[in-house]
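The structure appears right after this line, and notes come after that.
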Amino acid sequence: MNFAANDQVIQVFYLAASALFILALKWMSSPATAERGVRAGEIGMVLAIGGTLLNHGIVDYKWIAIAVVLGTVIGIPLGLVRMTAVPQRTALSHAFGALCVTLVGISDFYLRTPNVPRFTMAVLSLEVILGALTFTGSLMAAGKLQEILPQRPLTYTGQNVVNLSLLAVAIVLAVYLVLHPWATHLFLPMVGIALVFGVLLVIPIGGADMPTVISLLNSYAGLSAAAMGFVLNSKLLIIAGALDGSSGFILSVIMSKAMNRSFTNILFGAFGKVQVTATAGAQAKPVRSATAEEAAAILAAANTVVVVPGYGMAVAQAQHKVRELYDALTRRGVDVRFAIHPVAGRMPGHMNVLLAEANIPYDRLIEMDDINAEFPQTDVALVVGANDVTNPAARTDPASPIYGMPILDVDKARTVMVIKRSMSPGFAGIDNPLYYLEKTLMLFGDAKSFMNDIVHELTDGKSGVVVSGRFVSNGQSPRVAATDFERT
Ligand code: NAP
């Protein structure tokens, strides 16, 4: 094939890949089409790589083959991590992508220097600064989430000034290089400063905010790839980078809103500090608990049940048991729906993914804004390993660190049942007043095995008996929690 024909084939591959990336994002925005979206993204990536491999500038495929094997050997185990480890896995993917962008940027600089046009130098600087800080920042984020590094924010006086000064120095060097591209000795120090800045940017941020930070770093990685697209004159990279950059940014905004936090607060607020003090005083109040048999009887008597899944369901991998409960209750004529909070679990869409994996019909998954109006008419809200996203203190207690965060109004349901193992706090490290309400029954145990027992009661047991709850944690006498829903 001659050069011109070869180039046309490559452009067709790139065009198809770009279209598939756009469609992938569109389809992934709904659970019903998400699988198709993933396939489209995969095919797009294969076409992008295939097109690149046809490039006539390639003189030897040996190193490329080694890189492909190496990438596959690292990539396959990364794709097989547990669902709960996906945030840190994502951070590692960003780190690899950003390292790649930085290395390409560095080699590009030395290939072109000293005659680098101003525009190219500007985007090249942007590429390596964003790439380098994303590389080290993502490594720090992954380390914190994997608990290799301390999760708590590491802070000292004047930290923000030091960090912003470093960033300012990197920007000044970039501007100087744009004006004097032959000052090559300043290029690597600029990259070095960005690498250090990435570390310093993330260490003052608590583990609690890491998923949002990862999403923001995703956005930076996308922007650096788009900048690389300008340097290499690759429309595909510009499109893919811009999609990545903007979607990462939008996701960070959605997550911040769902937690009622601002970016400034996340990046400079050292959130984890609050958690330690807020946990104090959580114990020693009376709560009522119930057995699986009692819980099954209440559920069987209900007309409407809203299941509220959270991080504990993911940890226990209880989604398939939740599906069995859904089947058992639906067979009995109970209307069962699922309330989805945007930041339930540890990553965006965490609950949707798990419930979809268990084949729960999509139309039964109701977003927070839509389901909240329904709770007052709901007989039973069954909370499965969720905590912070149900905490009424977010509505009522201005002193609470989660004050203002939108929550699922579970406390407005007629009866609340909460499956969790203990009275331990959730991610934000704070007590949950929901557990002490008269209408709340605590179902202490692992979500999967407790669910299993409830399903067993519903399918094999009698599940029609009068229910009694009992006080725990302060030794008071048992008392009756008669639950009587009017059958319609
Ligand atoms: P949560 O507040 O972290 O609470 C999870 C609860 O699950 C815990 O109280 C824990 O209590 C229970 N649990 C753990 N393992 C369990 C098991 N095996 N069986 C039963 N229960 C178990 O979770 P959430 O309500 O889903 O809230 C998510 C939190 O993460 C929010 O604070 C949110 O802001 C934060 N966050 C989420 C994202 C995201 O993208 N989704 C991003 C950043 C931050 P026990 O130990 O007593 O069992």
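Most tightly packed first, judged by the mean number of other beta-carbon atoms within 10 Å of their residues, the peptides 218-225, 394-401, 412-419, 18-25 read 218-225, 412-419, 18-25, 394-401. Residues whose amide H lies under 5 Å from that of residue 383, counting only those 5 or more places away or on a different chain, are 308, 417, 418, 419; hydrogens are built 1.01 Å from N in the peptide plane.
Take residue 25 and residue 327, extend 7 Å from each Cα along the Cα→Cβ direction, and tell me the distance between the two endpoints in nm. If labels sit at residue 25 and residue 327, their model points lie 3.9 nm apart. For the stretch 114-193, just say rounded, prolate or oblate: build the C-alpha gyration tensor, square-root its eigenvalues into a ≥ b ≥ c, call rounded for a/c under 1.5, and beyond that prolate if a/b exceeds b/c, oblate if not. It is prolate, given that a/c is not under 1.5 and a/b is the larger ratio.
For a paramagnetic label modelled on residue 11 (point 7 Å from Cα along Cα→Cβ), amide N atoms under 20 Å away belong, within the stretch 36-72, to 47-58. The mean accessible area for residues of the chain, using a 1.4 Å probe and ignoring ligands and nucleic acids, is 46 Å² per residue. Protein heavy-atom surface of the stretch 355-430, 1.4 angstrom probe: 47% of the accessible area is carbon and sulfur, with nucleic acids and ligands not counted. The accessible area of residue 49, taken with all protein chains in place and a 1.4 Å probe, comes to roughly 90 Å². The share of C-alpha pairs in the chain whose separation exceeds 32 Å stands at 49 percent.
Given only helices, namely DSSP H runs of n ≥ 4 each adding -39500 (n - 2.57), what is the per-residue ellipticity at 222 nm of the chain, to the nearest 500 deg cm²/dmol? After summing the helix terms and dividing by residue count, I get -18500 deg cm²/dmol.
Computed from the Cβ-Cβ distance with R0 of 41 Å, the FRET efficiency linking residue 364 to residue 257 stands at 0.95. Nearest 5 percent is fine: what portion of the DSSP beta bridges confined to the chain is antiparallel? Within the chain, antiparallel bridges account for around 20 percent of the total. Share of carbon and sulfur in the accessible area of the stretch 1-76 stands at 74%, probe radius 1.4 Å. A simple count of charges around residue 430, restricted to other residues whose Cβ falls under 10 Å of its Cβ and scoring Lys, Arg +1 and Asp, Glu -1, yields -3. When a/c reaches 1.5 or more, the comparison of a/b and b/c decides; with that in mind, is the stretch 308-435 rounded, prolate or oblate per its Cα gyration tensor? It comes out prolate by the Cα gyration axes. Other residues with beta-carbon under 15 Å from the beta-carbon of residue 359 carry, at +1 per Lys or Arg and -1 per Asp or Glu, a net charge of -2.
Straight-line cross-link partners of residue 321 among the lysines, defined as a Cα under 30 Å from its Cα and at least 8 positions apart when in the same chain: 412, 420, 439, 448, 462.
The packing ranking of peptides 126-137, 319-330, 376-387, 4-15, highest mean first, is 126-137, 376-387, 319-330, 4-15, where packing means the average number of other beta carbon atoms within 10 angstrom of each residue. A full extension of the chain between residue 186 and residue 74 corresponds to an added length of 37.0 nm, given 0.36 nm per residue minus the alpha carbon distance.
Is the stretch 151-233 rounded, prolate or oblate when judged by the Cα gyration tensor, a ≥ b ≥ c being the square roots of its eigenvalues, rounded requiring a/c under 1.5 and prolate requiring a/b larger than b/c? It comes out oblate by the Cα gyration axes. For residue 82 and residue 422, what is the calculated FRET efficiency with R₀ set at 22 Å and r taken between the beta-carbons, to the nearest 0.05? Computed FRET efficiency for residue 82 and residue 422 comes out at 0.50. Please compute the net charge surrounding residue 20, taking Lys and Arg as +1 and Asp and Glu as -1 over other residues with Cβ under 12 Å from its Cβ. The answer is +2.
The values are calculated or read from the model by the stated rules, or taken from the named source; none is laboratory data. What you see is a predicted model, and the numbers here were worked out from it, not measured in a lab. Positions of Cβ are backbone-derived with ideal geometry, glycine not excepted, and every protein chain shown enters the neighbour counts. Ligands, DNA and RNA are excluded from the accessible area calculation, which covers all protein heavy atoms including side chains. Shrake-Rupley method; radii C 1.70, N 1.55, O 1.52, S 1.80 Å.
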